[in-house]
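Step one of this worksheet: look at the structure below.
The values are calculated or read from the model by the stated rules, or taken from the named source; none is laboratory data. Small disclaimer: the values here were computed from a predicted structure and weren't measured. Every residue, glycine among them, receives a Cβ derived from its backbone with ideal geometry; neighbour counts consider all protein chains shown.
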Amino acid sequence: MDDITRPEHLRSQYDTDDKLATRTSVWQPTDDGRDPSNEAFKAIDRAMTGDSDVLEVGCGTGAMAERIAALPGVTLVAIDWSDAFVELARARGVDARQGDVCYLPFEDDSFDVVYAGWMLYHVRDLDRALAEVRRVLRPGGTFVAVTNGDDHLGDLRRETGGRRMVLNFSSENGEFTLGRRFSDVRRQDLETRAVFVDREQAQAYLDTLDEGLVMPDFEGPRTYTGHVTVFEAR
């Protein structure tokens, strides 16, 4: 499996939004209707009291940033490593800037909330990134982070000749990792579903991973299990 923290990997995955859009399109909420993005949004909303400054790191296309910025009293800044994603976020009206979570261009104690959705496992120097998040958060501020579990889509990966994807920031190690910088870490674990209507859609998803995985023939639809955790750290 490719090292997903390598710059070459990030460029191949995020120079455009095509691969991300293909992957996002297949995901469905948990059986009881909980969606990880919505649960993260609720956590962000809970963390704010009155007017609040919010930073999103790794904003992608800006979909979540746009939602956050629409909350009353919010001043939001978003950064992303990808220039293409910064432009897409700006097209949504988001104050988006090119930036690196390991070298945040903000003063100490600048934000009430920092959000990182499905991006910390791409960070090579995770300890430095979390130190930067802690630095720019105000006392009492909240860091909301979403990540996948190591067995996320494990049944699909095994069926197609792949291996378990062990992440440097995952459901399994995220609580411990955040606990090195934050005294209060809470979690919500969600079992989501990837639904493929046919083999062609499943193969298109696998092709975005650039791992050479091949989907066996099947008659759809077919559902595979995802494992996601929303962390709230203070």
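Here are a few things to note about the model shown:
- Any hit, the stretch 11-20, residues being over 26 Å from residue 134 (Cβ atoms), over 18 Å from the mean Cα position of the chain (by Cα) and assigned to a loop (DSSP other than H, G, I, E, B): no
- Any hit, the stretch 128-151, residues being among the polar types (S, T, N, Q) and over 14 Å from residue 56 (Cβ atoms): yes
- Taken over the stretch 165-208, the criterion of being part of a strand (DSSP E or B) and aromatic (Phe, Trp, Tyr) is satisfied by 196 alone.
- Condition met for residue 124 (in contact with a strand residue (DSSP E or B) (Cβ under 6 Å, 6 or more places away or on another chain) and either at pLDDT below 95 or not aliphatic (A, V, I, L, M) (or both)): no
- Some residue of the stretch 165-181 being surrounded by fewer than 14 Cβ atoms within 10 Å (Cβ to Cβ), within 27 Å of residue 116 (Cβ to Cβ), at pLDDT below 95 and of a type outside the set (Gly, Ala, Ser): yes
- Within the stretch 38-59, restricting attention to residues that are at pLDDT below 95 and of a type outside the set (Val, Ile, Thr), the residue that is surrounded by the fewest Cβ atoms within 10 Å (Cβ to Cβ) is 50.
- Qualifying positions in the stretch 53-100 - outside any loop (DSSP other than H, G, I, E, B), in contact (Cβ under 8 Å) with a residue 12 or more places away in the chain, of a type outside the set (A, V, I, L, M) and farther than 15 Å from residue 111 by Cα: 66, 67, 80, 83, 85, 90, 97, 98
- Against the test of being assigned to a loop (DSSP other than H, G, I, E, B), surrounded by 15 or more Cβ atoms within 10 Å (Cβ to Cβ) and either touching a residue at least 12 places away in the same chain (Cβ under 8 Å) or not hydrophobic (A, V, I, L, M, F, W, C) (or both), the options 220, 162, 212, 141 yield a single qualifying residue, 162.
- Enumeration of residues in the stretch 73-120 that are among the aliphatic types (A, V, I, L, M), more than 23 Å from residue 24 (Cα to Cα) and over 17 Å from the mean Cα position of the chain (by Cα): 74, 76, 104
- Residue in the stretch 182-194 that is among the aromatic types (Phe, Trp, Tyr) and exposed (fewer than 15 other Cβ atoms within 10 Å of the Cβ) present: no
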